[in-house]
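Engineer: Would you mind keeping the following structure in view while I ask a few things?
Throughout, read-outs are computed from the coordinates displayed, never taken from laboratory work. From a predicted model like this one, the values you see are computed outputs, not experimental measurements. Positions of Cβ are backbone-derived with ideal geometry, glycine not excepted, and every protein chain shown enters the neighbour counts.
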Amino acid sequence: MGLRGRLLLAVGAGGAAGGLARVAAELAASVLPGLPHWAALVGVNVLGCLLVGWGTARGGRWASPVVTTGVLGGFTSFSGWVLDVLQLVQPAPLLALLLLLTVPVACVAACLVGLLLGERG
């Protein structure tokens with residue numbers, strides 16, 4: 001297997017590990033009394049954003065795709081998009097601001113439409 005094949009396998013394994021870590025965090029948070037169900041996901045996403053920034057700054061041939069795309073992509077639902085927005089701040093600040101303001105609203109709206117369509121179906 002060539003380098004690309006090994007990289008794809010490593011990213012996939014990282015995604016699986018990140019997904020398992022996310023579920024573990026949600027399960028751990030579910031036993032804490034009075035903690036809202038969404039609090040674990042907020043914590044996971046904030047931690048993931050911290051780690052995606054750190055991992056990107058550290059670089060390396062394997063670190064970026066395996067850690068940021070694989071592990072943190074499986075762990076969070078938000079960190080990759082945040083990194084994309086931040087990387088646009090210098091070359092295209094208006095586009096970064098537009099994405100920052102519109103993508104979350106568009107995603108919530110799309111989810112709402114999906115829920116409504118699913119209830120009809």
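Engineer: What's the total number of residues in the stretch 76-92 that are among the polar types (S, T, N, Q), in a helix (DSSP H, G or I) and in contact with a Cys (Cβ under 9 Å, 6 or more places away or on another chain)? So that I can check it myself, show each step before the final result.
Structural biologist: Narrowing the stretch 76-92 to residues among the polar types (S, T, N, Q): 76-77, 79, 87, 90.
The next check asks that each one be in a helix (DSSP H, G or I); those that pass are 79, 87.
The next check asks that each one be in contact with a Cys (Cβ under 9 Å, 6 or more places away or on another chain); those that pass are 79.
Of the residues in that region, 1 qualify.
Engineer: Okay, moving on. Considering (1) out of contact with any helix residue (DSSP H, G or I) (no Cβ under 6 Å at 6 or more places or on another chain); (2) surrounded by 14 or more Cβ atoms within 10 Å (Cβ to Cβ), say which one residue 52 fails and leave the rest.
Structural biologist: The number of the failed condition is (1).
Engineer: What is the residue count in the stretch 48-78 for residues that are within 10 Å of the chain's Cα centre (by Cα) and closer than 16 Å to residue 17 by Cα?
Structural biologist: Here is the first cut: in the stretch 48-78, the residues within 10 Å of the chain's Cα centre (by Cα) are 48-49, 52, 68-78.
Adding the requirement that they be closer than 16 Å to residue 17 by Cα leaves 48, 52, 68-77.
Going through the stretch 48-78 one residue at a time, the tally reaches 12.
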